[in-house]
């Protein structure tokens with residue numbers, strides 16, 4: 001079996017188990033509360049799977065025990081629509097400590113499509129971990145807030161997230177609220193077409209603390225001067241690190257923006273790409289008045305076939 005990847009190491013460290021080609025190795029004390037597959041039982045399924053098989057994510061979540069780290073496993077080929085009913089059922093059934101794990105690869109990933117502007121996954125309980133899903137936030141245009149995280153120690157890792165199609169994009173993709181302490185968003189791929197631009201993608205709001213957004217790939221269009229990550233309040237102990245970020249919106253200038261607030265933390269090792277042909281060292285990231293974030297080895301390129309420049313410029 002190949003050596004674990006950095007994502008595997010992250011999943012192990014956060015007690016999300018280890019995904020292998022033979023199944024999932026669970027942390028001690030956890031159990032698979034349910035398997036989720038919209039197409040039901042298939043030929044050759046064993047009795048344990050069929051006994052614990054449900055057609056929707058909410059039905060699987062309802063079987064998890066609060067605080068015990070139970071897994072709800074979404075199987076390859078599962079498809080589900082996030083509409084008003086699913087939004088309500090998801091929030092009502094989700095309990096603290098649940099791990100939602102998708103199994104599959106490429107087009108076989110379990111897929112959830114947002115279908116109404118009010119469609120939303122509200123994660124208001126603590127210690128929820130979501131990994132390995134395909135999330136289509138662009139099933140309809142102008143989804144107000146696709147994922148709203150208010151609970152503490154919530155992680156979203158290793159997901160494939162579609163932000164825009166030729167005619168559809170959300171208003172806001174993910175909000176990390178002031179109460180969402182120690183939130184983690186890592187190893188996700190955010191992708192989309194430049195024909196439709198998301199207003200915001202990830203918003204870190206209010207006085208949240210210890211939020212980490214690390215090791216993601218952003219290849220999608222977001223508001224030109226706002227970027228993929230928008231820190232709107234006085235968040236502290238932020239870590240925005242090692243992300244590859246290409247804002248493909250027309251005349252884009254920014255991938256990360258900080259509002260005029262006393263946010264603090266570290267911006268480190270990110271690679272920014274923008275389309276406005278300006279001064280690369282002054283693009284990629286913007287800081288509002290009073291921002292206290294320190295930057296280390298971030299680079300921005302704003303021209304084809306050119307290597308990036310240090311952005312922001314070095315301290316003197």
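The values are calculated or read from the model by the stated rules, or taken from the named source; none is laboratory data. These numbers were taken from a predicted model, which means no experiment stands behind them. Counting neighbours? That spans all protein chains shown, and the Cβs are built from the backbone with ideal geometry, glycine included.
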Of the criteria (1) more than 12 Å from the chain's Cα centre (by Cα); (2) farther than 30 Å from residue 65 by Cβ, which one residue 216 fails | (1)
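Only one residue in 101, 53, 68 is within 20 Å of the chain's Cα centre (by Cα) and at pLDDT 90 or above, so which one is that?
On the way: 53 fails: within 20 Å of the chain's Cα centre (by Cα); 68 fails: within 20 Å of the chain's Cα centre (by Cα).
Of the residues listed, the single one that is within 20 Å of the chain's Cα centre (by Cα) and at pLDDT 90 or above is 101.
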Would you please name the residue that is nearest to the chain's Cα centre (by Cα), looking only at residues in the stretch 29-40 that are surrounded by fewer than 19 Cβ atoms within 10 Å (Cβ to Cβ) and modelled with pLDDT of 90 or more?
-> 38
Reported set for the stretch 122-174 where residues are in contact with a helix residue (DSSP H, G or I) (Cβ under 8 Å, 6 or more places away or on another chain) and closer than 20 Å to residue 79 by Cα is 122, 131, 157, 158
Quick check: anything in the stretch 245-254 more than 21 Å from residue 302 (Cα to Cα) and surrounded by 19 or more Cβ atoms within 10 Å (Cβ to Cβ)?
-> no
Qualifying residue in the stretch 228-236 (condition: surrounded by fewer than 19 Cβ atoms within 10 Å (Cβ to Cβ) and either outside any loop (DSSP other than H, G, I, E, B) or within 15 Å of the chain's Cα centre (by Cα) (or both)) = yes
